[in-house]
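Colleague: Sending over a structure as C-alpha cells; questions will come in a sec.
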Amino acid sequence: MLQVVGCFIGAHDPWLVALAAAICTLASMTAVELMRHARSATQLLRCVWLGIAALAGGSGIWATHFIAMLAFEPSLPSGYNVELTALSLVYAIVLTGIGLAVALIRIIPFAPAIGGAILGLGIAGMHYTGMLAFEVAGYTEWNLGLVALSIVLGASIGAVALPIALSRQGFGTRAFGALLLLIAICGHHFTAMSAVTIIPDPSIMISKGAIPARWLAVAVALASVTILLLACSALALDIRERRHALMQRDRLHSLANAAVEGLLVCRGKIIVSANDSFASLVDLRNSDLTEAALARFLPEAATRLALAGHPDQPVETELRVTNGSTIPIELIMRPITYGNQPHYALAIRDLRARRRAEGQIEFLARHDALTGLANRTSFDQRIEQEMKLAEAAGRKMAVFCLDLDRFKEVNDLFGHAAGDTMLVKVARLVSNLLDDTQMMARLGGDEFAVLMPCDHAVAAGRLAERILEALRNGNAGASGPVIATSVGIALYPDDAIERAALLSYADTALYRAKAEGRGTYRFFEAKMGMQVRDRRLLEHDMRHAIARGEMHVVYQPQTDVTTGAVTGFEALLRWQHPERGAVSPALFIPIAEECGVILQLGEWVLREACREAASWPNPLSVAVNVSAVQILVPHFVQLVHEVLFQTGLKPHRLEIEITETALIRDPSRAQSNLNQLKSLGVGLAMDDFGTGYSSLSNLRVYPFDKIKIDGSFIRAVDTNDQTAAIVRSVLGLGRGLGLPVLAEGVETEAELRFLEREECAAAQGFLMGEPAMIEQFARHTHGAVVEPEGRSVAA
Ligand code: C2E
Ligand code: CA
Ligand code: CA
C-alpha cells in the first residue's frame, strides 16, 4: 500500500521535490509582484496585468503540482490523461485569475482575503483534476477527511497570504505573503497526496493516449521556464518602473521646491506632497505636511467647492498659517496623475505683495504723493457726497481754498526742497486742526482745500481763523521761509449748489483775501467774481504788454532843496492798455509781483532807464524801483552788472530804490545782495520810509545811501503838527546816520519851504515836475546846467 507518508520518505525524488519548491517559490513571488503591479495600473492595463499574473501564477502552481507528482515514484506503471491534465492547467490559471481579480476589487470588504480563499480553492480544483488525470496500474482510494483538510488548508492559508502580500508594506512583508502562498500550495498538495492510497492491480491497463511521465517533465520544464521568464520580466519591469517613478518624483520634487509658488499634491482631502515654498508659507517643516488635512490650511469650505468645479481657474481665498493668522492667496487646481493614481495639484500664490502694491496704487490714485493728503479726485468725490448729506440734513457745507502767499518766491529763492518742506508743514498744521467730518486736500501746487459740514457760516469763519493762527504759530522759532496763507470760503447751498461753482467761488474769495492784505480769509460775495475775472485778464495782458509795446518809462525829476537844481530822475513804469487806457502801476505792479511777471518788467525798466541815462550828456542820476521779488533773486546783482556794462552807464549814476518789505522777507539774502550792489558802486535808496516798519536797525544794517520819506508824510507837512514831527524825526535820524533824506510827493511851495527850513537835502514831487517822457526834460539832461543864481555853465 502506498500512502502519503510514504510520499515524503520513500517514494519521492528529493531533487524533484526541491525543484517543485523552487518553482512554487518563484510562482508565488511572481504572482504577488504582478498583482501589485496590476493594482497600481489604470483600468485596461490592470486587466492585462491581471491576466499575466493569472497565467504566471496559475501555470506556476500547476507546475509545482506536477513536478511534485513526478517526484512521486510509485514504482508502478503510470501515465497522465492528456485532456484532464490540460483541464487541470486551465483550472489553475482561471481560478487563480478569479482569485486575484476579486482580491483587487476595492468595494468588497476583505476582498484580498476572499480572493486568497478563491485562489486556495483553485489550487484544490487544479490538484484533484490533475489527480484524476493520473493513471496507474492499481486502484486509488481516498481518505475523505484528509481531502477536506487539504481543501480547507489551501483556502484558509491563501486567505491569509494574499492580504499580507498585497499590503502596502516593504519587500519583507511581501516576501512573507509570498511564503504563505507557497505554504498554502505545498500544504494543500502534500495533505491531498496523503489522502490517496494506491492498491496495485496489474490487470488495470494504462490507456494508450496517456503521456509518460518523461514527456510531462519536458512540458512542465517548459512551463517553468516560461514562468521564470515572465517572473524576471515582470520583476525587471517593476524595478525599472519604480526606479523611474522615484527619479521622476525626485526631479519633480526639486523642481517643485525651486518654484516660488507653493505647490501641493493632494488626494481627496489629504496632502500627499508639498514643496518648500508652501512649507515656509505656513511655517511648518515639509515633512509635517505629508498626510495633513487640507482643511487645516484652507478652512473655507466654499473655496474647496469652487476649486472642485473649476480646474485651472484662479480662486482667491485665505490660507491659514500655523500661528492662526491668514494670508490672502490665489489658488489654482489641476487634476494630475501622481504615482499612477488620480490626484490634484494646487498652486498657491501669496497675494500679500500684490495686495500691498494694489493698496499703494489705490492710495496714490487718491492721494497727493508729497503731503499724503487727498488729491483733487477724492476731494471732488467727497464734496459731491457731502453736498447730498448736507441737503438731506438741511445743513450747510463750507469749502475753503487755501493758497500760500508768495510760494513761487519760496521755490525760486530757497529751492524746491524748501518749497516741498513748506507744503508738507502746511498740510500737517492744518490737518491737525480738522476732525473726522472735515477733510483737507491738496489740489495742486500750493493750492489746498478744506471741506467742512457746518450749520452756520460763523463756524467756517472760526475754522479759517484757527487755520491762519496755526500757520502763524508754525513759523515761530522756525528757520527757513515764513509761511503765510490766504483763505477763501464758499458755502453750500448759499453761494452755489454745484461742486465746480462752489470751488470756483471759494477761489474767487481767496483772490480777494490775497488782494486785501494776505494772511487773512474772505467769504465769497457775488461781486467778487467779476473782480477776479478782471484781475485774471489783466494778468494775462500784462504778460504780453512789453512785446506789444504797451509799456514805457516816464521820469520824474529829483531836486536839491537848497539850490533847486535837478540832480536826477526816478524812472516810473507806465502801461498804456489798448482798451483800458493808462493802468496805474499802483494797480498792476502788485499783480505782477504776485504772478512773477515783475521779474520780466523790472529787468526791462532797468535796461530802459540805464540806456536812457547813459545817453544824456549831463551825468545826472537815475533811480530805478526794484521790487522785493527781484532783489531776492540770486542772479539779480549779476543782471545789474551786465546792464551797466552793456549800456555803459557809470555805476554811481544808478540808484536802486527798495522798500523795507524786501528786507523783512529774507534779511540775510537781501543784505548779501545789497552789499554786492554797493560794491558795484551803485547807490541804494530806502523807498517809502515811514509806511513800513520804519526800523532804525534796517537803516543801520543795510548799506543805504539815502532815505526817501513817503509822500503821505509830506502832504500838508507845513500845517499838520503830527506829520511835521514825524518828518523832523526822520530828518534827525538821517543826520545821525549821515544819510541824506529825499522828500517825496512835494506839491506845494509851503511844503518845500518847510523842508528847506528843516534842512531836508532833496525833494521830488509834482511841484518840481510830474513824471513825464524824458524828452520834456531835455534842458536838464542835455542843456547847460543852470545854477539857481542864474549863472549858466557849460554842460
Ligand atoms: P513810488 O516808488 O513811491 O513812486 C512815486 C509815486 O508817487 C509815483 O506814482 C509818482 O507818480 C507819485 N508821485 C510823485 N510825485 C507826486 C506828488 O507830488 N503827488 C502825488 N500824489 N503823487 C506823486 P506811480 O508812478 O503811480 O507809481 C506808483 C508806485 O508804483 C511807485 O511808488 C512804485 O512803488 C511802483 N512803481 C512804479 N514804477 C515801477 C517800476 O518800474 N518798478 C517797480 N518795482 N515799481 C514801480
Ligand atoms: Ca520809488
Ligand atoms: Ca516812494
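The values are calculated or read from the model by the stated rules, or taken from the named source; none is laboratory data. Here the structure is a predicted model, which is why all the values come from computation and not from measurement. Neighbour counts are summed over all protein chains in view; Cβ atoms, including those assigned to glycine, are modelled from backbone coordinates with ideal geometry. Ligands, DNA and RNA are excluded from the accessible area calculation, which covers all protein heavy atoms including side chains. Shrake-Rupley method; radii C 1.70, N 1.55, O 1.52, S 1.80 Å.
Colleague: If I model a spin label at Ala750 and Ala500 as a point 7 Å from the Cα along the Cα→Cβ vector, what separation in nanometres do I get?
Modeller: Taking the two extended label points, one gets 6.0 nm.
Colleague: Something else about it: Which whole-number percent gives the relative contact order of region 541-785, counting Cα pairs below 8 Å spaced six or more residues apart?
Modeller: Taking the mean separation of contacting Cα pairs over the length of region 541-785, I get 20 percent.
Colleague: Could you give each residue of region 372-388 its phi-based ³J(HN,Hα) in whole Hz, using Karplus coefficients 6.51, -1.76, 1.60 with θ = phi - 60°, and x for Gly or Pro?
Modeller: x, 6, 4, 9, 4, 4, 5, 5, 4, 4, 5, 4, 4, 4, 5, 4, 5
Colleague: Tell me the label-point distance for the pair Asn432, Gln381, using the 7 Å Cα-to-Cβ offset, in nm and rounded to one decimal.
Modeller: Rounded to a tenth, the inter-label distance reads 2.9 nm.
Colleague: In sequence order, what are the phi-derived ³J(HN,Hα) couplings for region 590-596 according to the Karplus relation 6.51 cos²θ - 1.76 cosθ + 1.60 with θ = phi - 60°, rounded to whole Hz, with x for glycine and proline?
Modeller: x, 5, 4, 5, 5, 9, x
Colleague: Follow-up. Using C-alpha positions alone, give me the convex hull volume of region 329-443 per residue in cubic angstrom.
Modeller: Dividing the Cα hull volume of region 329-443 by its residue count gives 180 Å³.
Colleague: Taking the Cα atoms only, what angle lies between the long axis of helix 499-515 and the longest principal axis of the chain, rounded to 10 degrees?
Modeller: 40
Colleague: Starting from the Cα of Lys514, draw a straight line to each of the aspartates and glutamates and keep only those under 19 Å, dropping any in the same chain fewer than 8 residues away.
Modeller: Straight-distance partners of Lys514: Asp403, Asp405, Glu409, Asp446, Glu447, Glu465, Glu469, Glu525, Asp534, Glu539, Glu593, Glu594.
Colleague: What share of all Cα pairs of region 2-238, in percent, falls into each consecutive 10 Å distance bin?
Modeller: 8, 35, 34, 16, 6, 1
Colleague: Something else about it: Got a number for carbon plus sulfur as a percent of the chain's accessible area, 1.4 Å probe?
Modeller: Here it works out to 60 percent.
Colleague: Let me ask something additional. Between Thr337 and Leu44, with labels modelled 7 Å along Cα→Cβ, what's the label distance in nm to one decimal, could you check?
Modeller: Label at Thr337, label at Leu44, 1.1 nm between them.
Colleague: For every other residue with a beta carbon closer than 14 angstrom to the beta carbon of Asp350, add +1 if it is Lys or Arg and -1 if Asp or Glu, then tell me the sum.
Modeller: The answer is -1.
Colleague: To continue, here is another question. Which one of Ala258, Asn411, Cys47 is farthest out on the positive end of the charge dipole of the chain, using unit charges on Cβ (Lys, Arg +1; Asp, Glu -1) and the Cα centre as origin?
Modeller: Cys47
Colleague: List the residues, sorted by chain then number, that are 5 or more residues from Asn625 or on another chain and whose placed amide H is less than 5 Å from its amide H.
Modeller: Residues meeting the amide H criterion: Ala571, Glu657.
Colleague: If contacts are Cα pairs under 8 angstrom and at least 6 residues apart, what is the relative contact order of the chain in percent?
Modeller: Worked out over the chain, it gives 7 percent.
Colleague: So, one more: Given the C-alpha centroids of region 270-297 and region 337-413, what is the distance between them in whole angstrom?
Modeller: 37
Colleague: Whats the longest run of the chain with zero chymotrypsin sites (Phe, Trp or Tyr not before Pro) that are DSSP loop and have at most 14 other Cβ atoms within 10 Å?
Modeller: 111-692
Colleague: Next up: P(r) for the chain, please, calculated from all Cα pair distances in 20 Å bins and given in %.
Modeller: Cα pair-distance distribution for the chain, in percent: 12, 23, 16, 10, 11, 11, 10, 6, 1, 0.
Colleague: Rounded to the nearest 0.05, what FRET efficiency do Arg296 and Thr173 have when you use their Cβ-Cβ distance and R0 = 25 Å?
Modeller: 0.20
Colleague: In debye, nearest 20, what is the charge dipole magnitude of the chain about its Cα centre with +1 on Lys and Arg Cβ and -1 on Asp and Glu Cβ, if you could check?
Modeller: That gives a dipole near 3500 debye.
Colleague: Shifting gears a bit: I'd like the orientation of helix 82-103 relative to the chain: the angle between its Cα long axis and the longest Cα principal axis, in ° from 0 to 90, rounded to 10.
Modeller: Long axis of 82-103 versus the principal axis of the chain: about 30 degrees.
Colleague: If every alpha-carbon in region 367-526 counts as one equal scatterer, what log10 I(q)/I(0) does Debye give at q = 0.15 1/Å?
Modeller: Each listed q corresponds, in turn, to -0.74.
Colleague: Excluding ligands, DNA and RNA, what is the solvent-accessible area per residue of the chain at a probe of 1.4 Å, expressed in Å²?
Modeller: Here the residues of the chain average 48 Å² of exposed surface.
Colleague: Averaging sequence separations of C-alpha pairs under 8 Å and six or more residues apart, then dividing by the length of region 2-238, give the relative contact order as a whole percent.
Modeller: Relative contact order comes out at 28 percent.
Colleague: Quick one: length gained pulling Asn475 to Thr520 fully straight, 0.36 nm per residue minus the C-alpha distance?
Modeller: Gain on stretching Asn475 to Thr520: 14.6 nm.
Colleague: Quick check for you: which residues of region 668-687 have the amide N under 13 Å from the point 7 Å beyond the Cα of Leu733 toward its beta carbon?
Modeller: Residues 686-687 qualify, since their backbone N sits under 13 Å from the label point.
Colleague: Provide the three semi-axes, in whole Å and in decreasing order, of the ellipsoid equivalent to region 660-722 as defined by the square roots of 5 times the Cα gyration tensor eigenvalues.
Modeller: Calculated on Cα positions only, the semi-axes equal 26, 13, 8 Å.
Colleague: While we're on this one: With a cap of 16 neighbouring Cβ atoms within 10 Å, and only residues DSSP puts in a loop, list the trypsin sites (Lys or Arg not before Pro) found in region 478-564.
Modeller: The qualifying sites are Arg518, Lys527, Arg548.
Colleague: Hey, what do the phi angles of region 489-496 turn into as Karplus ³J(HN,Hα) couplings, whole Hz, using 6.51/-1.76/1.60 and θ = phi - 60°, x for Gly and Pro?
Modeller: Calculated HN-Hα couplings, in order: 10, 10, 10, 9, x, 4, 8, 7 Hz.
Colleague: Pull up all non-local amide H partners of Thr691: gap of 5 or more, or a different chain, and H-to-H distance under 5 Å with H placed in the peptide plane.
Modeller: Those lying under 5 Å, H to H, from Thr691 are Asp710.
Colleague: Using only helices, what value at 222 nm comes out for the chain when you add -39,500 (n - 2.57) per DSSP H run of length 4 or more and divide by the total residues, to the nearest 500 deg cm²/dmol?
Modeller: After summing the helix terms and dividing by residue count, I get -18000 deg cm²/dmol.
Colleague: Expressed as an acute angle from 0 to 90° and rounded to the nearest 10, what is the orientation of the C-alpha long axis of helix 111-133 relative to the principal long axis of the chain?
Modeller: Taking the Cα atoms of the chain, the angle to 111-133 is about 30 degrees.
Colleague: Would you pull out the residues with amide H under 5 Å of Ala772's amide H, same chain only if 5 or more places away, H placed 1.01 Å from N?
Modeller: For Ala772, whose amide H was placed from the backbone, the distant partners under 5 Å are Tyr555, Gln556.
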